[in-house]
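The values are calculated or read from the model by the stated rules, or taken from the named source; none is laboratory data. Keep in mind that what you see is a predicted model, and the values were worked out from it rather than measured. Using ideal geometry, Cβ is built from the backbone for each residue, glycine included, and neighbour counts are taken over all protein chains shown. Surface areas here come from the heavy atoms of the whole protein model, side chains and all, with no ligands, DNA or RNA. Shrake-Rupley method; radii C 1.70, N 1.55, O 1.52, S 1.80 Å.
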Amino acid sequence: ARDGVVYVCDTKGLNISRLDFQQGTFSALGVSGPGRLRKPLNIVVDAAGYKFVVDAERKQIVVFGADDNYVTAFDVPPPAHPVDVAIYENELYVLDNDESPQVIVLERNSGKVLRAFGKPGGEPGQFKIPNSLAISPDGFLYVSDTHNWRIQKLTRQGESVWVKGTPGYFLGQFGRPRGIRVGPDGIIYVVDGDT
């Protein structure tokens, strides 16, 4: 959401639904041309109003400008199954959950790969089908590590700060942690797809 407008990834409708609550209007982005979306999963909007959309089928981050028009697309290096994107300063953090799960860091303006971190496994800094990531206002990265039944806090260089959660249905446990976001006050919100 930004300035009273909510952008929703419509994976079945293959577009970004734009809901303007101030004007009472609805429109769609990414329905035709070079910006046509094939499987939009997640979106982040930067301070200038640029939208960065993860498209799992295109294996790209598709970029729309402040005017909602297509700008460009950045390739995610193969093998790739990008599922989420977050932005911090001049870097895009792309969560890739293919057979070699990792976080790929791209330069925000060019899409150039700056670094990557993470690998399959159950140790801190490793992932098993990670599903979502977010960056806190103080610059830490949070990942919902779905099949390890936990969330992880990492530095922007990929160093583990802490790991929280175990399998289960009680306080401090997860059935299937999915979406994760951090509020401006630092509170972490996790969607659990099982509970």
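For the reader, a short list of remarks on this structure follows.
- Listed values for the range 136-143 are Karplus-derived 3J(HN,Hα) couplings in whole Hz (6.51 cos²θ - 1.76 cosθ + 1.60, θ = phi - 60°), namely 7, x, 8, x, 8, 9, 10, 10, and x replaces Gly and Pro.
- Between the beta carbons of Ala66 and Val113, assuming R0 = 25 Å, the FRET efficiency works out to 0.50 to the nearest 0.05.
- Here the accessible area of the chain is 52 percent carbon and sulfur, with a 1.4 angstrom probe and all protein chains present.
- Semi-axis lengths, Å, the range 145-195, gyration tensor of Cα atoms, sqrt of 5 times eigenvalues: 19, 14, 9
- Ratio Rg/Rh, restricted to the chain and using Cα atoms, in which Rh is the Kirkwood radius: 0.96
- Shape of the range 59-98 from the C-alpha gyration tensor: oblate (a/c of 1.5 or more and a/b not above b/c, with a ≥ b ≥ c the square roots of its eigenvalues).
- Number of Lys pairs (Cα under 26 Å; 8 or more positions apart or on different chains) in the chain: 24
- Solvent exposure of the chain, expressed per residue, is 49 Å² of accessible area, with all protein chains present and a 1.4 angstrom probe.
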